[in-house]
Amino acid sequence: MAFNVLIVDDSSTMRAVIKKTIKVSGFNVGQFLEAGDGEQALDVLKDEWVDLVLSDINMPNMNGLELIGRMHADEIMRTIPVVMVTTEAGDDKVKQSKALGAVGYIKKPFQPQDIKNTLCRIMGEEIVDETDHDDEFETGDF
Amino acid sequence: MKQIMTTNLKQAISNVLELMFFVSVQVMEDENPSSEKPLNGQPCIGATLAFSGPLSGSYYLLIPQEMAREITANFLGLDDDEVSGNQAQDTVKEALNMIGGHMLSLTEEPDNFQLGIPAIIPELDADPGAYSGSRENAIFIKAGSYRMIAGIELS
């Protein structure tokens with residue numbers, strides 16, 4: 001099954017890298033959609049069919065935590081799984097995002113297999129481990 | 001504490017640049033930070049990122065423009081001549097963002113720190129040496145034929 005993935009990050013470079021990394025990982029994507037902050041993401045979510053959201057936390061205008069909160073307040077949007085892709089150093093914001101409804105997190109810097117494993121777990125796809133892992137960097141579901 | 005943060009910053013620079021940008025780096029421990037042309041006179045792109053917590057201040061990272069274009073091309077899977085100036089700046093900001101977050105994760109109490117949003121240092125086009133040379137504890141990093149500068153400033 002192919003999934004429509006919305007990537008939310010204020011860095012256009014990071015959006016491109018996440019897109020490229022997901023492609024390289026082999027995760028099955030139908031369409032990539034992009035947004036530069038939480039507000040733009042909500043606009044995309046209103047207009048497009050999205051199966052999965054990958055969102056940064058620290059963004060201007062509307063950050064990732066506010067975005068999850070707004071999605072959770074909407075009957076349809078709350079059913080869309082959200083994975084946080086973050087540089088946050090500690091666990092507090094990761095825990096906050098979980099409390100608000102996020103289903104997983106990926107800490108930057110990341111490797112393609114880390115993204116694929118997290119997305120496959122969340123979307124119920126089979127995981128094929130093709131690369132070595134560097135356990136120094138954290139990813140996972142909650 | 002600042003010494004520990006500086007040590008962590010070196011580790012974070014190495015980890016992030018090698019893992020995300022495929023750039024092997026070497027910290028030049030005996031380099032004089034006040035040298036007149038710390039980046040060999042090359043025009044560079046600089047970014048700064050504020051942090052707050054038990055200590056507050058900012059990180060900075062100065063990268064030669066040519067190197068920024070190269071790592072952006074690697075990062076995005078493009079040819080060097082396809083990389084725009086904005087993309088190169090965005091890459092430097094994102095590199096610093098990842099370095100800052102990773103560096104704080106190496107501290108004992110990462111949850112006590114908050115990171116800001118990275119910003120480009122506008123005056124660097126004119127005189128990169130003036131920016132880094134006036135600062136204490138600048139870290140000089142060798143990456144292939146390029147040199148970069150990073151550091152922490154406490155407020």
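None of the figures in this text is laboratory data; all of them are computed from the coordinates on show. These numbers come from a predicted model, not from an experiment. Counting neighbours? That spans all protein chains shown, and the Cβs are built from the backbone with ideal geometry, glycine included.
Summary of computed values
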read-out: Efficiency of FRET between A:Thr79 and A:Gln31 - r from beta-carbon atoms, R0 22 angstrom, step 0.05; value: 0.75
read-out: Around A:Met1: net Lys/Arg minus Asp/Glu count, Cβ-Cβ under 9 Å; value: -2
read-out: Förster radius 35 Å - calculated FRET efficiency between B:Gln26 and B:Ile120 (Cβ-Cβ, nearest 0.05); value: 0.85
read-out: Calculated P(r) of the protein assembly as shown - Cα pairs past 25 Å, %; value: 47 percent
read-out: Rough spin-label spacing in nm, given labels placed 7 Å along Cα→Cβ, for B:Glu108 and A:Lys23; value: 4.6 nm
read-out: Inter-site label distance for B:Glu82 and A:Asp47 at 7 Å from Cα along Cβ, in nm; value: 2.6 nm
read-out: Net charge, A:Arg15 excluded, C-beta distance under 15 Å - Lys, Arg +1, Asp, Glu -1; value: -2
read-out: Cα-projected label distance for A:Ile122 with B:Leu154, points at 7 Å along beta-carbon direction, nm; value: 3.8 nm
read-out: Links that overshoot a 25 Å alpha carbon limit, given the list A:Lys46/A:Lys98; A:Lys107/B:Lys93; A:Lys98/B:Lys10; A:Lys20/B:Lys2; A:Lys19/B:Lys93; B:Lys93/B:Lys142; value: A:Lys98/B:Lys10; A:Lys20/B:Lys2
read-out: Geometric extent, Cα atoms of the stretch A:1-78 - Rg, Dmax (angstrom); value: 12.0, 34
read-out: Reciprocal of mean inverse Cα separation for chain A (Kirkwood radius, Å); value: 14.8 Å
